[in-house]
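**Student:** Mind having a look at this structure? Questions to follow.
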Amino acid sequence: TPTPHLIRNLYMSYLVLARKYRPQTFDEVVKQDHITRTLTNAISAGRVAHAILFSGPRGTGKTTVARILAKSMNCKNGPTPVPCNDCRSCREITAGNAADVFEIDGASNNSVDQIRDLRENVKYMPAHSLYKIYIIDEVHMLSIAAFNALLKTLEEPPPHVMFIFATTELQKIPITILSRCQRHDFRRIDVESISKHMKKICVREDVDIDVESLGLIGREANGSMRDGLSLLDQVMSCTQGAIEHDQVLDILGVIDRDIIFKISSAVIQGDITEILDILDEVYSAGHDMKKLYTDLLEHFRNLLIVKMGKKTRKLVDIPVYEIDLMLDQTKNVPKTFLNQLFNLLFKEEPTIEHSSRSKLAIEMVFIKMFQIKPALPIDVLIEKIDLLKKDFDESLETFIDTANRSPKPTSSPVTGTAESIETFAAGHIAATDQDETLENKWEKLLSIFIEKHPSLATNLKNSKIKGLTDNQLEIEVNGNDFNINMVRKEKNVGIIKKVCRDFFGKEIGVIVRTKNITENKHHQKNSRKVRLKQEALSHPLVTDALEIFNGKIVDVKIL
C-alpha cells in the first residue's frame, strides 16, 4: 500500500504538457522560424548581440527560445546552434537551476535597488560556463528608475555577460532600452499548427481524440501554444479512454462549431424560424450569447474571405476541413450579399455588447438581416445600367427622328451628272408637268441647289414652296435665326432667282417668308426631357439601386 508521502511525491512529479514537451532545440519551436533561423545564423557566425529583446503574445515561445539560446551559448560544444542537452550546463538550464543563467521575474523584481544588485553582480565571472546570462521575463514591469539604472550596463556590459529580455507589452518599454537591444517579434501561432502539434503529443501520450476536437481547442487557444496545451491537459484530466467531441464542448464550455455553421446556413437559405430556434437552444444551454455573436461575426468574415478566394489560408485562421465546409456553403452565394450580412453584423456589435438582454438583441439583428434584399453583383449591376443607358439612347434617337422628320418626297430627287441637271434646268418648262405638286417641284429645285450651291442648300433643306404663280415663287424658310438670315442675304436671294429662272425658263420673282420654329423645338425638347426623366425615375433598376444602397436621386441628366 503506497504511503501518503509516496502519494504526495507521485502527485508532485506530474508535469503539465506545456512543461513536459517544452522545446529543447530551435528546430522544435513551432511557427517562429523567422526568429530561430536568425539566432541560428548569428550563433554560427559569432554575431550574437549582448542584449536581445523578445516581444509578442503570451505562450508563443519567448522564454523557451531564451532558454534554448542560453543553452546554445553555454553548451560545452558551444557556442553552437544545436545544444547537446547532455552537458552540465544544458541539464542545469533545462532544470532551471543553472548557476550562470539567472531567470528574473520583472514583475516582482522591479525596484531600482534590485537592478543595482544585478549591476554589481555582472562584474563577476561565470562559475563554469562561457557566459553569465540574465533572462528577465515581463521586463516592461520594471520601474522607470530601474530602467535608468540598467542603461549603462545594458549598453556596455562585460564581455562575459548577456541580457535576454521578454515582454508581452512592447509599448511600455522606454525607447532608450529598445535602442540598446536587438529586437525579435514573436507571432501568434495559427490554429492548424497548434492542432498538429497537439496531435503529435496525443500520439506520444496514447490519447485518442479526433481532429475536430483538436481544432476546437486550437481555436480557443487564441494563438498561444501554452494556452492550447493547458486546455488539452484539462480535457485529458477530465476524461477516461477515448475523448468524445461532446465531452470537449462540455469541459471547455464553448459553442459547437456545428451551431455556427447551422446559423449561417439558415441565414443564406432565409429560414428565420430555424435561427430563432437555434438561438433559444444556445441560450437554454447557458452559453454566453455575446461570445456567440463574436463567433458569428468572425465566421461571416471568414465566409466572405473564403468566397473571395485569394490568400485564404493566410487570412483565415481555421482548420482546413472548415475551409472546405465554407467553400461548399458559399458556392451559390454572391460576394455582395455576404458583404451585406457581415456589414450589418459588424455595425450592430456595439448594440449587442452594451445590451442587458443579449438574446433579444441578437434576435432583432437577425430579423433586421432578413429585411435586406440581396444586392446584385457589381458586374451585373454595371451591365444592367449599360442596358438602361442603351434603352434611353434608342428612345432618344426615335423621339428626335419622329420630331424632326420632314415630309417624305413622293418622287425621287433628280439624279445624274452636273451636265444633265444643267440641261434639265436650262429652261424646258415642258419638263415640269402642270399637275406636278409643289413638293415635287421643290425637291427638283433643291437637287439643283445641292449640286451647284451646297452651302445655300443646307439652309434651304427644311424649307418649302408656299405658293407659285406664273411670275412669282413664294418660299417659306423653316429653321433657326441663322438659317433665315443666311437665306435672306441679298447674294443668296439672287442665286435663288437665277436657279428659278433657269428651271422655269422665265423670270420669276422670289418672295422669302420665314417661320421660326425655335420656340416649338424648345417646347418639344423640354417635353421630351420631362418624359425621359419620368421614365428614368420609375425604372425598376433605378428603384432597386436606391433601396439596396439606401441612396437618393440628386439629378437626372439627359445626354
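**Student:** Once you list every other residue whose beta carbon is under 9 Å from the beta carbon of Thr94, what net charge do they have if Lys and Arg are +1 and Asp and Glu are -1?
**Tutor:** Its environment carries a net charge of +3.
**Student:** Determine the sum of side-chain charges near Ile323: Lys and Arg each +1, Asp and Glu each -1, restricted to other residues whose C-beta is under 11 angstrom from that of Ile323.
**Tutor:** Its environment carries a net charge of -4.
**Student:** Turning to a different aspect of this structure: Give me the mean projected area, in nm² to one decimal, of the convex hull enclosing the Cα positions of region 54-143.
**Tutor:** 6.2 nm²
**Student:** Once you compute Rg and the Kirkwood Rh from C-alpha atoms, what is the Rg to Rh ratio for region 24-80?
**Tutor:** My calculation puts Rg/Rh at 0.93.
**Student:** Let me ask you something else. Can you give the extra length, in nm with one decimal, that the chain gains between Asn222 and Glu490 once fully stretched, where that is 0.36 nm per residue apart less the Cα-Cα distance?
**Tutor:** Here the segment from Asn222 to Glu490 would lengthen by 87.0 nm.
**Student:** Let me ask something else. Taking a threshold of 27 Å on the Cα-Cα distance, which of the pairs Lys310/Lys368; Lys335/Lys529; Lys31/Lys262; Lys262/Lys335; Lys290/Lys311; Lys31/Lys199 fall above it?
**Tutor:** Lys310/Lys368; Lys335/Lys529; Lys31/Lys262; Lys290/Lys311, as the Cα separations exceed 27 Å there.
**Student:** Here's another thing I want to ask about it. Leaving ligands, DNA and RNA out of it, rank Glu103, Glu476 by accessible area with a 1.4 Å probe, largest first.
**Tutor:** From most accessible down to least: Glu103, Glu476.
**Student:** I've got another one for you. How big is the accessible area of Lys466 in square angstrom, nearest 10, if you roll a 1.4 angstrom probe over the protein chains?
**Tutor:** 110 Å²
**Student:** Amide H neighbours of Thr514 under 5 Å, at least 5 residues apart or on other chains, H built in the peptide plane: list them.
**Tutor:** Val477
**Student:** Distance between Cα centroids, region 21-56 to region 165-194: provide it in whole Å.
**Tutor:** Each part reduced to its Cα centre gives a spacing of 13 Å.
**Student:** Using only the alpha-carbon atoms, what does region 115-176 span along each of its principal axes? Please give whole angstrom values in decreasing order.
**Tutor:** 36, 20, 17
**Student:** What does the accessible area per residue of region 59-129 come to in Å², with a 1.4 Å probe and no ligands, DNA or RNA counted?
**Tutor:** 48 Å²
**Student:** If you build the Cα gyration tensor of region 221-297 and take the root of 5 times each eigenvalue, what three semi-axes come out, in whole angstrom, biggest first?
**Tutor:** 28, 14, 11
**Student:** Please go through the residue pairs Lys76/Lys172; Lys62/Lys200; Lys62/Lys314; Lys441/Lys506 and name each one whose alpha carbons sit more than 27 Å apart in this structure.
**Tutor:** Lys76/Lys172
**Student:** So, with +1 on the Cβ of K and R and -1 on the Cβ of D and E, and no other charges, what is the size of the charge dipole of region 131-285 about its Cα centre, to the nearest 20 debye?
**Tutor:** Its charge dipole is roughly 1400 debye.
**Student:** Once the whole set of protein chains is in place, how much accessible area is left on Cys84, using a 1.4 Å probe, in Å² to the nearest 10?
**Tutor:** Cys84 exposes around 50 Å² with every protein chain in place.
**Student:** Let me ask something else about it. With viscosity set to 1.306 mPa s at 10 °C, what whole-number translational diffusion coefficient in µm²/s follows for region 212-344 from Stokes-Einstein and a Kirkwood radius over Cα pairs?
**Tutor:** 99 µm²/s
The values are calculated or read from the model by the stated rules, or taken from the named source; none is laboratory data. The model shown is predicted, which means the values in this text are computed figures rather than measured ones. Counting neighbours? That spans all protein chains shown, and the Cβs are built from the backbone with ideal geometry, glycine included. Quick note on the areas: whole protein, heavy atoms, side chains included, nothing else; ligands and nucleic acids left out. Shrake-Rupley method; radii C 1.70, N 1.55, O 1.52, S 1.80 Å.
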